[in-house]
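Shown next, in structure tokens, is the structure this report addresses.
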Amino acid sequence: MKTITDVLERPASRRSFLKKSLVAGAVATAGASILGKGLPLLAQESGSASITKGDVAILRFLAAAELIESDLWTQYAELGGIGKLPPIEVNPNEKLNPYQVALSNLDPDGPQYIASNTLDEVSHATFLNAYLQSVGADPVDLSAFAVLSGSTATGSSGKPRLTNLMDLNVDTSWYVRYRSTASPDAGATFPQAITLNGVTAIPRTDADFEGQSNPNFPGNDHIQAIANVAGFHFGQIEQGGTSLYAALSQKVTSPEVLQITLGIGGDEIAHFLEWVDFSGNGVQPPVAPFSDPISGLSFPNFFHPLNKQIQPSLIFPVPFQFNPNLPNVAMIRPITDEFAGAMAAVKAFTASGLFIGQSPEFFETLNKLATAADAAKRG
């Protein structure tokens, strides 16, 4: 059976147009090819009535964000995903590696969901770049910055990466925020649901597949701890995308571009809701409580004692105070530039350790794209 990398990279005639949008860049010319050449020609092959400079800036940052997501999700899919894409055709006789087993302990369909999430993010990046090109704007290419070393565990392609998943500071405050009646847009702050600093979310080598057996479920404590970290990281990434699309959609001028940002943003929401439930399964029986003697990580049972701020069964957003003069309402939060805009996304990615080892040129490129997107105004 083909690996996830083989499947995602295999040629497909129906995608030939989309593939033309991908720019082959080199480090020496990365700034020019990535940041573009000024105003687009604004060709209207897509059928939109108009597209502004701000719309282009928004789409270009979103394309960059989706390329980043595609890179990290491909790493997860190579080691933890399952199935032949597209469509997903699971082989029931396929032997799972210990990481896939640990992910399956959180949800029996976990490896399949990881493969699906990966396919979605790759489609987002490819589509956004193709759309940019169709309206005369430059697509985004970050391939010159794929220089980081990834996992060497069996299943990994061994290719250089754009992102780091092996030394993360996972922000788990989102888990508390969506169970709270407060919003960061109004100045509220939230504690970490569980502290996960300097941790790996994927097996680094085959040695990480080994560990002490856990009598409660198949697998071992060490690889289960890595899978649990991944579950909370999945939630952090997808809730960030959910807020990012909501924040930037408020700046869009073109009705067609708004269809795109709302449509892809809706897919990010679907991802997020799955990973809310998924991560919560790692902090309740039969998985938790347990401790990993190798990493020192401990995952308590969030039901004992019961704390509604971190109650695993509360998987939908709790109504919060959007406006003190109005009733509480369940909705996405944050949705403002300060906490959910393009630069906020870059800061969150960076603080999490996702870009450890990246060059100053990478950060300069990403910051310029983010600044332009945040400066966009409707109309």
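Every number here is computed from the coordinates shown, using simple stated rules; none is lab data. Just so it is clear, the model here is predicted, and its values are computed rather than measured. Positions of Cβ are backbone-derived with ideal geometry, glycine not excepted, and every protein chain shown enters the neighbour counts.
Values for this structure:
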item	result
Amide H contacts of Phe320 (H built 1.01 Å from N, under 5 Å, at least 5 apart or other chain)	Val329, Ala330, Met331
Point-charge dipole on Cβ atoms (K/R +1, D/E -1) for the range 122-265, about Cα centre, debye to 20	200 debye
Neighbour-count order for Asp109, Asp55, fewest beta carbons within 10 angstrom listed first	Asp109, Asp55
Whole-Hz couplings from phi, Karplus 6.51/-1.76/1.60, listed for the range 271-285; x for Gly and Pro	4, 4, 4, 5, 6, 4, 5, 4, 5, x, 5, x, 10, 7, x
Exposure proxy order (Cβ contacts within 10 Å, fewest to most) of Ile310, Ile269, Ile226, Ile82	Ile269, Ile310, Ile82, Ile226
Radius 15 Å from Cβ of Asp277, net charge of other residues (Lys, Arg +1; Asp, Glu -1)	-3
Under-5 Å amide H pairs with Ser149, H placed in peptide plane, nonlocal only	Arg161
FRET efficiency for Glu94 and Gln250, using Cβ-Cβ distance with R0 set to 30 Å, rounded to 0.05	0.10
Residue-span extension gain [Asp109 to Ser298] - 0.36 nm each, minus C-alpha spacing	65.6 nm
Net lengthening on full extension, Ala146/Leu326 (0.36 nm per residue, minus Cα-Cα)	60.1 nm
Estimated FRET transfer efficiency (Ser291, Arg378; beta-carbon r; R0 51 Å; 0.05)	0.50
Paired Rg and Dmax values of the range 313-379, which use every Cα atom, in angstrom	16.3, 47
Under 13 Å, Cβ to Cβ, from Ser183 - net charge with Lys/Arg +1 and Asp/Glu -1	+1
For Ile356, Ile202, order by how many other beta-carbon atoms lie within 10 Å, fewest first	Ile356, Ile202
Among Pro324, Leu306, Ile294 the positive-end extreme of the charge dipole of the range 282-379 (Cβ point charges)	Pro324
Virtual spin-label span in nm between Gln259 and Ser313, 7 Å along Cα→Cβ	4.3 nm
Residue pairs, from the table Lys95/Lys308; Lys53/Lys347; Lys159/Lys347; Lys53/Lys159; Lys159/Lys368; Lys347/Lys377, whose Cα atoms sit over 32 Å apart	Lys95/Lys308; Lys53/Lys159
Cα centroid of the range 145-166 to Cα centroid of the range 229-277, whole Å	25 Å
Residues of the range 113-150 with amide N under 19 Å of a point placed 7 Å along Cα→Cβ from Glu361	139-149
